[in-house]
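Colleague: I have a structure here, written as structure tokens, and I will follow up with some questions on it.
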Amino acid sequence: MELDDLTHTSGEWLRGTGPEADIVISSRIRLARNLAQFPFLSRSDEATRAEIEGLLHQHVSDLRLPQPLTYLDVQKMEELDRRFLVERQLISRELCESSGARGVGISSGENVSLMVNEEDHLRIQVLRSGLALEDCWEEIDRIDDSLEDKVTYAFSEQLGYLTACPTNVGTGIRVSVMLHLPALVMTKEIQKVYQALQKIHLAVRGLYGEGSQAMGDFYQISNQVTLGKSELEIIGEVKDVIPQIIGYERKYREALVKEKRRDLHDQVSRAYGILRTAQTISSEETMHLLSSVRMGINLGLIDDLEIPTVNELFIHTQPAHLQKLRNSALESGERNVARACYLRERLASSNDVP
Amino acid sequence: MKQVPHEIHLCEDCAQQYLNQDEPSPASEPEEGMMVKLQLDAGDKELAELDKNVCPNCGISFREFRSQGRFGCPHDYVVFGDELEALLENIHDERQHCGKVPKRAPSDSQRQYQLIKLRSELRKAVAEESYEEAARLRDEIQAMETALSQGTGDAD
Ligand SMILES: [Zn+2]
Ligand SMILES: [Zn+2]
């Protein structure tokens, strides 16, 4: 697999299948691990970094996974390609923006990614479409076990897996579920969800993580506590709140359909219309309109467009993706034109897309 | 396995628990990769002290760790152990791992973790005056301690 092969495809986790996939976009689990015999990265010089990268590169490449794995040398990569992988959710911003020896192993379906020399020596991530945290855990646990056969992780009986940042120590696990919550945003009920989740120590943030606004009404819910609970307990705590939030979102969608069907239908149709006809459009507006359209499909207000297509458009209209698709560097204004053009093409031919 | 003097240990912890409960709950924790905001108060004198506390392995001082929010090496968790307790408790509410253990770790460490977790549950039960629950936990702890000390706790 070459990086450029990814440009026209999308990850399996965007298929829009799996339990509750109308509201749950994806489930994700990541584990933070460090090698016992090396300092953490903030105290590793270039040579040490390279040594860690060489070792983990080897072990990651040797992994036998259900899907073939490709290892990419992030240090040698162009900035555009690195940002492309961030938009793709395959590497973090930190791995994109840092310097020195580092890399990532990616499975062909984009369900598995293993980041080497991120904040920790190793960050393993497994993604699934829909609500499928158990599947994520089963797979990541297995990957972790096979790596642990080869290397000695930094681990203490008292504090578990030792990580560069104390917020990850213990299990080193981050369990996240990405939800599409347009009705809760529209009715401003989302604030209540925020508050309720904060009280039980769960974090809520937008699509592209840190500090970013919840673009396109996507919210990622994840655990904060990593110490003193087992992985399954932590997964359970995240998993337990999801049905309530889904129920809440469904309730408000139904109420909107019941009480404001015409307004809602109008809003959704206009959004679809703009996306199909605009000549220039920003990323924010695109996300906002795609969000309306996505909800419109789920409510049966739009019937000639598929969810996977919309899921893919959220990713493919991001800046680095557009530039990869157009095969050239584009200024922000040029991107807006290219984005509108791409949307017109894709939405005109959406009926042919599987 | 030696018997731990339960009463004294419990009461110290209970006191701390009560103190912590009265404090406003920590603001929503930073996103992964964000700096840890250490909520320790320190005067100049104390800062000088913190500078002296240095990891022999990687050379990071506790003060440097405080300003960066990142450790230098795994050994720092041991070197800064005392100072970290409050911080970890603040972030996680807990100080003892009880999740996955690498296969190469000592085989009965899982049981040790269970034991320590049961003790923390016992402390909570006592604090909440759930005496039936506390009695049940006490029995469970005693049984597990006996099993461990007799070596019948076969690793699984
Ligand atoms: Zn007490
Ligand atoms: Zn150190």
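The values are calculated or read from the model by the stated rules, or taken from the named source; none is laboratory data. No experiment lies behind these values; they were computed from the predicted model shown. Glycine also receives a Cβ, built like all others from the backbone with ideal geometry; neighbour counts cover every protein chain displayed. The area values use the complete protein model at the heavy-atom level, side chains included, leaving out ligands, DNA and RNA. Shrake-Rupley method; radii C 1.70, N 1.55, O 1.52, S 1.80 Å.
Colleague: Give me the accessible area buried between chains A and B, both sides summed, with a 1.4 Å probe, in Å² rounded to the nearest 100.
Modeller: Approximately 3900 Å² gets buried when A meets B.
Colleague: Let me know the Rg and Dmax you get for region A:98-248 when you use only its Cα atoms, in Å.
Modeller: For region A:98-248, the Cα radius of gyration and maximum Cα-Cα distance read 16.4, 52 Å.
Colleague: Quote to one decimal, in nm, the extra length available between A:K199 and A:L325 on full extension: 0.36 nm per residue of separation minus the C-alpha distance between them. Each step should come with its number before you reach the end.
Modeller: Details: separation 126, 0.36 × 126 = 45.36 nm, distance 4.30 nm.
Gain on extension, A:K199 to A:L325, equals 41.1 nm.
Colleague: Let me ask you something else. Between A:T277 and A:R250, how high is the FRET efficiency from 1/(1 + (r/R0)^6) when r is the Cβ-Cβ distance and R₀ = 41 Å? Nearest 0.05.
Modeller: The pair A:T277/A:R250 has a calculated efficiency of 0.85.
Colleague: Ok, one more. Over chain A, what is the relative contact order in percent, taking alpha-carbon pairs closer than 8 angstrom and at least six residues apart?
Modeller: In percent, rounded to a whole number, it is 19.
Colleague: Given the options A:L289, A:Y248, A:G228, identify the residue whose Cα lies farthest towards the positive end of the charge dipole of region A:228-299 (+1 on Cβ of Lys, Arg; -1 on Cβ of Asp, Glu).
Modeller: Positive-end residue among those listed: A:L289.
Colleague: Let me ask another. Near the amide H of A:L179, under 5 Å away, which other amide H atoms are found, from residues 5 or more places off or on another chain, if H is placed in the peptide plane?
Modeller: Counting only residues 5 or more places away or on other chains, the set is A:I25, A:Y219, A:Q220, A:I221.
Colleague: Relative to the present Cα-Cα distance, how much length would full extension add between A:D4 and A:V337 at 0.36 nm per residue of separation? Don't skip to the end; give the middle numbers.
Modeller: Working: separation 333, 0.36 × 333 = 119.88 nm, distance 2.23 nm.
Between A:D4 and A:V337, full extension yields 117.6 nm more.
Colleague: With the cut-off at 15 Å, report for region B:51-92 the share of all Cα pairs above it, as a whole percent. Intermediate values should be presented prior to the final figure.
Modeller: Numbers: 288 of 861 pairs.
Value for region B:51-92 (Cα pairs over 15 Å): 33 percent.
Colleague: Oh, and also: Give me the net charge of A:D62's neighbourhood, meaning all other residues with Cβ under 12 Å from the Cβ of A:D62; Lys, Arg count +1, Asp, Glu -1.
Modeller: Cβ neighbours under 12 Å give a net charge of +1.
Colleague: Can you list the equivalent-ellipsoid semi-axes of region A:1-60, largest first and in whole Å, using the square root of 5 times each Cα gyration tensor eigenvalue?
Modeller: 35, 17, 9
Colleague: Per residue, how big is the convex hull of region A:242-294 when only Cα atoms are used? Give it in Å³.
Modeller: Convex hull of Cα atoms, per residue: 71 Å³.
Colleague: Another question, then. Label region A:27-154 by shape, choosing from rounded, prolate and oblate, from the square roots a ≥ b ≥ c of the eigenvalues of the Cα gyration tensor; if a/c is under 1.5 it is rounded, and otherwise prolate applies when a/b is larger than b/c, oblate when it is not. Could you put the intermediate results ahead of the total?
Modeller: On the way: a/c = 1.76, a/b = 1.21, b/c = 1.45.
Since a/c reaches 1.5 but b/c is at least a/b, the shape of region A:27-154 is classed as oblate.
Colleague: Run the simple label-point estimate for A:R64 and B:K124 please: 7 Å along Cα→C-beta, distance reported in nm.
Modeller: Here the modelled spin labels are 4.2 nm apart.
Colleague: When the expected Rg is taken as 2.2 N^0.38 Å, what fraction or multiple of it is the alpha-carbon Rg of region A:195-292?
Modeller: Working: Rg = 17.4 Å, N = 98, 2.2 N^0.38 = 12.6 Å.
That ratio works out to 1.39.
Colleague: Could you list the residues of region A:117-160 with an amide nitrogen less than 20 Å from a label point located 7 Å from the Cα of A:Q75 in the Cα-to-C-beta direction?
Modeller: A:117-124
Colleague: Here is a further query. Which pairs break 25 Å Cα to Cα here: B:K52/B:K100; A:K192/A:K251; A:K229/B:K52? Spell out each step's value before the answer.
Modeller: Numbers: B:K52/B:K100 35 Å; A:K192/A:K251 15 Å; A:K229/B:K52 34 Å.
In this structure, B:K52/B:K100; A:K229/B:K52 exceed 25 Å between Cα atoms.
Colleague: Provide, in order from the shortest bin, the percent of all Cα-Cα pairs of chain A in each 20 Å bin, continuing until the bin that contains the maximum pair distance.
Modeller: 29, 57, 14, 0
Colleague: Two decimals, Cα atoms only, Kirkwood Rh: what is Rg/Rh over region A:259-338?
Modeller: 1.03
Colleague: Quick one: pull the percent of accessible area on region A:86-219 belonging to carbon and sulfur, 1.4 Å probe, ligands and nucleic acids left out.
Modeller: Working: 1860 of 3950 Å².
Result for region A:86-219: 47 percent of the exposed heavy-atom area is carbon or sulfur.
Colleague: Could you give the distance between the Cα centres of region A:27-86 and region A:292-336, to the whole Å?
Modeller: Going from one Cα centre to the other spans 30 Å.
Colleague: So how long is each side of region A:208-354 along the principal axes, counting just the alpha-carbon atoms, biggest first, in Å?
Modeller: Its Cα atoms span 52, 42, 28 Å along the three principal axes.
Colleague: To the nearest 20 Debye, how big is the dipole of chain A about its Cα centre, given +1 on the beta carbon of each Lys and Arg and -1 on that of each Asp and Glu?
Modeller: Here the size comes out at about 1200 debye.
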